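These notes are about the structure you will find just below.
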Amino acid sequence: MTSEDKLQSLCFKWANNNYCLKIHNPRCRIFSVPNGGLRNKIEAMKLQATGLTAGVSDMIVLYPNGLCVFFEAKAENGKQSDVQKDFEESVIKLGFNYELFYTFEDFKAKFTKYITP
């Protein structure tokens with residue numbers, strides 16, 4: 001796992017265990033978008049034909065208040081690619097929230113700001 005993968009994993013587990021289990025009321029939903037990784041040519045073509053899109057954020061969170069927020073993890077000195085920046089811009093223009101985070105504490109603060117009592 002890369003440091004970015006480890007960060008995303010830590011953040012996913014925290015959010016899932018604290019806000020997304022059946023015992024939580026209200027309950028959020030968090031899921032990842034597996035855009036990266038190595039694939040053979042046939043599998044890559046199949047995934048693209050069924051909607052795989054470059055630049056989509058790493059995780060998407062559905063909040064019980066009707067919000068949908070896109071979260072992008074980056075290692076400490078990581079930078080968004082041009083297609084990630086383009087995706088962020090389109091998400092924001094469509095009226096959704098997009099959060100770029102670099103640390104676990106940063107993610108927790110950005111995740112919880114959308115939780116309403």
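The values are calculated or read from the model by the stated rules, or taken from the named source; none is laboratory data. Not measured: the values here are computed from a predicted model. Don't worry about glycine lacking a Cβ; one is built from the backbone with ideal geometry, like all the others, and counts go over all protein chains shown. Quick note on the areas: whole protein, heavy atoms, side chains included, nothing else; ligands and nucleic acids left out. Shrake-Rupley method; radii C 1.70, N 1.55, O 1.52, S 1.80 Å.
From the list Glu72, Glu4, Glu43, Glu76, which one is open to solvent by 30 Å² or more (accessible area, probe 1.4 Å) and either more than 25 Å from Thr112 (Cβ to Cβ) or modelled with pLDDT of 95 or more (or both)?
After ruling out the rest, the residue left standing is Glu43.
Do we have any residue at all in the range 32-39 that's among the hydroxyl-bearing types (Ser, Thr, Tyr) and modelled with pLDDT of 95 or more?
no
With the requirement that a residue be part of a loop (DSSP other than H, G, I, E, B), within 17 Å of Phe107 (Cα to Cα) and open to solvent by 30 Å² or more (accessible area, probe 1.4 Å), what does the range 46-69 give you?
Matches in the range 46-69: Leu67 only.
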